[in-house]
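We did not get these values from a lab; they are worked out from the coordinates using the rules stated. Remember, it's a predicted structure, so these values are computed and weren't measured experimentally. So basically every Cβ, Gly included, is an ideal-geometry build from the backbone, and we count neighbours across all protein chains shown.
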Amino acid sequence: MPQAPSCAIVIFGASGDLAKLKLIPAIYEMAREKLLNPNSYVVGFARSKLSEDDFRKECDEAIRKNARSKKSIDEALLKNVLGRMHYFQGEDYGSAESHQKLAEYLTSLDAKYGNAEKNRLFYLSTPPNTFEPVITRLGERAKDPNYNPPVRFKRLIIEKPFGTDLASAQRLNEVIHKNFDESQVFRIDHYLGKETVQNLMVMRFANSIFEPIWNYKYIDHVQITVGEIVSADDRAGYYDNSGALRDMVQNHIFQLMALVAMEPPAALDAVSIRDEKTKVYKSIRPIRPEQVDAFTVRGQYGPGTHGKTTTNGYTKAKGVKEGSRTETYAALKLFVDNWRWSGMPFYIRTGKLLEQKLSEVVIRFRSPPQTLFQKQCEAPVYPNDLIIRIAPEEGISWRLNGKVPGGVMNIKPVALDFNYKTAFKVEAPEAYERLIHDAMIGDQTLFIRGDEVEAAWAVIDPIEQGWRESKRPPEVYTPGSWGPKRGMELIEHDGRRWMQSKDGEAEPIIACSL
C-alpha cells in the first residue's frame, strides 16, 4: 500500500466515542505501518472545552487502550504522532465564524508541517443532524474568494446513517453535491473495510470453481446473520428513532448481500464495482406494505439477563417512547429478480441481545441427488455449505460430506476451514485503517456512492410503511435467544433452517447399512 500524500485530517466530533475507539487509534496504526505522511497532521474539532494538552492526553489513552498494536506501543512514534494532534473548539458545528477561524488555523498548521499542497480530509464523526450545516460551511469556505488557497484535494468522509429514508437521503445528497463533487465524497461503512468482506470478490472471481455454480441452479438459498450480544438500553433514545432495519439492514447487511449477489464487474475500480452493487438493489423484488407480515419479522427483547447484561426489556429502557414498536430484531426474506438469482431467496436477520456475537454469510447449495444412498440411508445426505465468517473471527469454511472411518457407510459433514490469522500469519489491519488510508489516496472502491444509498432506501421504505400500518406488534423475545419464534418460522416454513458457525459439529451422523 502506498504512503498517503500529506494531508490535514480534520475530525468533526473528535471528543466522541468513535474518534477515541477507532479513528485516533487507526491514525496511529497508519503511522506505524508508514502509510501516514510525516507532513500530515490531525485537528480535532468539537464543542467540548478542552485544552490541546488535554486532547492529546485523551488521544494517548485512546491509542494505548484501543490500538491494534496496544501490547507493543512504539513510544517514540507515539510521541511524534501525538505532537501532530491539535484541538479546535468551535461554538457550533454550523457556525460560520468557527469555520472561518478553523480555515485560518489550518493555514498556519500547513506552514508549520510543510503541507505545501494544503490537502484536506474532513471526517464527519458527528450526529446526523449536523451533516448539512457542516457540509454547507465547508462548501462556503471553498467558494470564499478571501480564503481559497490552492488545494490538490479536499475530501469528505461521512459516517452513516445517510438519511433515515429515501427522501432524507435524497436531500442529503443534494446538499453534498451543491458543495462537493461526488468524486470527493466517501460515505463510510466500516464493514467494507473488513478483510473477509473484501475477500468475497476475490473468492468469487479469482477461483474458477465458484463462479459457474454461483446461481439459483446450484444454490438453494443464502443466509446473512449479524447478531449482537449487547442491548440498546444505553442509547435507547437514539435507537428508538432508528431500529434494526435502518441501523443494520439498510447499510451493513445490504452491502454484504450486494457483494454476494453482484455480477462480475468490468474492472476492479470504484465505478465498476459500485455500478454492480447498485444494480443488485434495483433488482430486489419490492415488499409492498401489505406483504410485510409474510416476508418480514420484527421483534423486541424482553426482560432478562444475557452474559453481563441485565435488562428490564427494551420498552422499559430510558428514552424509549411509551408504546414503542421500534424493532431490536429484524428478519427479511428477499428475492433478487435477475437471471442469476431468479426465484432463489435471501434470508437476512439481525438483532440485539441474541445468543452470540456473529456476522456471517451462509451459501447453502442444493442437496445432491439421493439415488446412490436412498436405498441404504434412512436420512438424506446434507447439502454443502460455504460459510463466510466476518466476526468475531474472520475466515471461510467449506462444508462437505465425508465417510466416517469404519465398516459401515456413515456419512457426516466435515469442514475445510480457512482462518485469516493462521493462514497468513499476519494480523489484518482494522477496517478504519484501510478506509481512512483509501480516502487519503482517493480510492472510492470500498465506499458507498450516492445513488447506491438511494437505491437501498427504496427497498427499505415500503417495509417501514408496512410496519407502521400493520396491526401485528413486534414479537417479544428472550435475551440470549436467537430472536422471536416468527423469526425461525420465516425460514422453517420454507423447509429450511437458520445456521450458525457453532453448529459445525451439530449435524447428526447419517447411518447407512451396506
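Compared with the dominant principal axis of the Cα atoms in the chain, helix 431-441 is inclined by about 50°. Put simply, the amide H of TYR477, placed in the peptide plane, has neighbours under 5 Å in GLN300, TYR301, GLY302, leaving out anything fewer than 5 places away on its chain. Placing a pseudo-label 7 Å from each Cα along the Cα-to-Cβ vector at ASN215 and SER367 gives an inter-label distance of 2.4 nm. Calculate, for ARG340 and ASP165, the FRET efficiency according to 1/(1 + (r/R0)^6) with r their C-beta to C-beta distance and R0 30 Å; round to the nearest 0.05. Efficiency computed from Cβ-Cβ geometry: 0.55. Seen against the Cα atoms of the chain and their longest principal axis, helix 96-113 is set at about 80 degrees. Length, then width, then depth: along the principal axes, the Cα atoms of the chain run 85, 52, 45 Å.
Each 10 Å bin from zero holds the following percent of Cα-Cα pairs in segment 8-159: 11, 43, 36, 10, 1.
Which pairs break 21 Å Cα to Cα here: LYS65/LYS112; LYS79/LYS160; LYS101/LYS154; LYS49/LYS112; LYS217/LYS403? Show your work: numbers first, answer last.
On the way: LYS65/LYS112 30 Å; LYS79/LYS160 32 Å; LYS101/LYS154 18 Å; LYS49/LYS112 24 Å; LYS217/LYS403 26 Å.
Long pairs (Cα-Cα over 21 Å): LYS65/LYS112; LYS79/LYS160; LYS49/LYS112; LYS217/LYS403.
Quarter the surface of the alpha carbon convex hull of segment 127-228 and you get the mean projected area, 10.5 square nanometres. Which value in deg cm²/dmol, rounded to the nearest 500, describes the helix-derived mean residue ellipticity at 222 nm for the chain, given -39,500 (n - 2.57) per DSSP H run of n ≥ 4 and division by the residue count? Value at 222 nm, helices only, nearest 500: -9500 deg cm²/dmol.
Once Rh for segment 338-455 is found with the Kirkwood sum over Cα pairs, what is the Stokes-Einstein diffusion coefficient at 10 °C and 1.306 mPa s, in µm²/s? Let's see the in-between values first.
Values: Rh = 18.7 Å.
The estimated diffusion coefficient comes to 85 µm²/s.
Strictly greater than 24 Å: what percent of every Cα pair in segment 261-367 meets that?
Numbers: 2649 of 5671 pairs.
The answer is 47 percent, as a whole percent.
Hey, what did segment 192-512 get for relative contact order, percent, Cα under 8 Å, at least 6 apart?
Numbers: 575 pairs, mean separation 86.1, N = 321.
Here the relative contact order equals 27 percent.
Partners of LYS308 within straight-line reach, counting lysines whose Cα lies under 17 Å from its Cα and excluding those fewer than 8 residues away in the same chain: LYS352, LYS357. Taking Cα atoms only, the orientation of helix 270-283 departs from the longest principal axis of the chain by about 50 degrees.
Using 0.36 nm per residue, how much length does the chain from TYR105 to THR478 gain when fully extended, once their Cα-Cα distance is taken away?
Details: separation 373, 0.36 × 373 = 134.28 nm, distance 5.29 nm.
Roughly 129.0 nm would be gained on extension.
One chain, two ends: ALA391 and SER69. Fully extended at 0.36 nm per residue, the span grows by 114.0 nm beyond their Cα-Cα distance.
Once C-alpha pairs closer than 8 Å and six or more residues apart are averaged by separation and normalised to the residue number of segment 8-159, the relative contact order reads 31 percent. A crude spin-label estimate for the pair LYS318 and MET203, with each label 7 Å from Cα along the Cβ direction, gives 4.2 nm.
Taking a straight line from the alpha carbon of LYS471, these aspartates and glutamates sit under 20 Å away, with near neighbours fewer than eight places off in the same chain left out: ASP240, GLU290, ASP293, GLU322, GLU327, ASP461, GLU489.
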